[in-house]
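The values are calculated or read from the model by the stated rules, or taken from the named source; none is laboratory data. These figures come from a predicted structure and were not determined experimentally. Cβ placement follows ideal geometry from the backbone for every residue including glycine, while neighbour counts extend to all protein chains displayed.
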Amino acid sequence: METKHTFIKGLLLVRPKVFTDDRGQFMESWNAEAFNDAVGKTVNFVQDNESISSNGVLRGLHFQTPPSAQGKLIRVSRGSILDVAVDIRSDSSTFGQHFSIKLDPVSLWQLWIPEGFAHGFLSLENDTHVQYKCTSVYDSTCERSLIWNDVDLAIDWGVKAPKLSEKDAIASKFSDFDSPF
């Protein structure tokens with residue numbers, strides 16, 4: 001497994017080894033031992049999610065608060081996304097900063113987002129398939145979100161009017177946010 005650290009402590013890019021021959025290719029999309037070695041701790045995933053989105057759909061910026069905070073491992077098996085993680089750990093030197101990357105099945109990069117981050121993505125193609133492993137099950141009582149176009153976060157999504165859910169369209173401003181992390 002190949003790894004790259006980002007400028008935000010804790011966010012990590014991982015890419016599985018791919019074996020290619022005249023029949024096609026094979027890869028382990030996730031391996032517990034290799035992943036835990038890469039992140040330097042034991043991570044227990046308890047829920048897998050998949051979303052399928054059309055071009056221009058923006059999902060996020062979502063997170064869950066303790067005691068149901070979630071770490072997520074994001075990968076794309078079809079299409080492509082602009083994936084964004086915002087550091088919402090109040091004691092972090094990068095609090096309020098974000099990291100973004102294009103994820104797709106060609107590069108095979110996956111993004112590890114530990115607890116204490118808001119996460120969102122913009123689908124860049126029709127029929128985009130995003131899978132993510134979560135360290136905690138969905139808990140509606142702990143679900144929160146930040147508005148995607150918050151001026152304080154200054155995320156360049158590359159679009160002015162994405163397709164949003166009703167919930168994402170009315171999410172909280174970062175300036176009104178009191179971090180539980």
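Observations on the structure shown:
- Filter result for Asp91 (within 17 Å of Gly158 (Cβ to Cβ) and of a type in the set (Asp, Glu)): no
- Just so you know, in segment 126-174 the residues that are free of Cβ contacts under 8 Å to residues at least 24 places away in the same chain and in a helix (DSSP H, G or I) include one that is farthest from Val106 (Cα to Cα), and it is Ser140.
- For segment 101-125, the set of residues classified as out of contact with any Leu (no Cβ under 6 Å at 6 or more places or on another chain), assigned to a strand (DSSP E or B) and of a type in the set (Gly, Ala, Ser) consists of Ser123 only.
- In segment 22-74, residue nearest to Tyr132 (Cα to Cα) [restricted to those that are among the aliphatic types (A, V, I, L, M) and part of a loop (DSSP other than H, G, I, E, B)]: Val46
- The residues on offer are Gly96, Gly24, and the sole one that is in contact (Cβ under 8 Å) with a residue 40 or more places away in the chain and at positive phi is Gly96.
- Evaluation of Gly10 against (1) within 14 Å of Tyr132 (Cα to Cα); (2) part of a loop (DSSP other than H, G, I, E, B) (one fails), failing number: (1)
- Taking first residues from segment 63-92 that are over 14 Å from Gly116 (Cα atoms) and partners that are modelled with pLDDT under 95, the Cβ contacts under 8 Å between residues at least 6 apart in sequence or on separate chains come to Arg75/Ser29.
Conditions (1) under 13 Å from the mean Cα position of the chain (by Cα); (2) farther than 17 Å from Gly71 by Cα; (3) aliphatic (A, V, I, L, M), marked per residue:
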{"position": "Pro114", "(1), (2), (3)": "yes, no, no"}
{"position": "Leu122", "(1), (2), (3)": "yes, yes, yes"}
{"position": "Asn126", "(1), (2), (3)": "no, yes, no"}
{"position": "Lys133", "(1), (2), (3)": "yes, no, no"}
{"position": "Asp139", "(1), (2), (3)": "no, no, no"}
{"position": "Glu143", "(1), (2), (3)": "no, no, no"}
{"position": "Leu153", "(1), (2), (3)": "no, yes, yes"}
{"position": "Asp156", "(1), (2), (3)": "no, yes, no"}
{"position": "Ala171", "(1), (2), (3)": "no, yes, yes"}
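- Hey, Arg59 in contact with a strand residue (DSSP E or B) (Cβ under 9 Å, 6 or more places away or on another chain), of a type outside the set (Gly, Ala, Ser), more than 20 Å from Asp168 (Cβ to Cβ) and in contact (Cβ under 8 Å) with a residue 24 or more places away in the chain or not: no
- Hits in segment 6-28 - residues which are in contact with a strand residue (DSSP E or B) (Cβ under 7 Å, 6 or more places away or on another chain), of a type outside the set (Lys, Arg) and over 21 Å from Ser100 (Cα atoms): Val18, Phe19, Gln25, Phe26, Met27
- Selection within segment 96-138 - farther than 21 Å from Ile155 by Cα, of a type outside the set (Ser, Thr, Tyr) and surrounded by fewer than 20 Cβ atoms within 10 Å (Cβ to Cβ): Pro105, Val106, Leu108, Asn126, Asp127, His129, Gln131, Cys134, Val137
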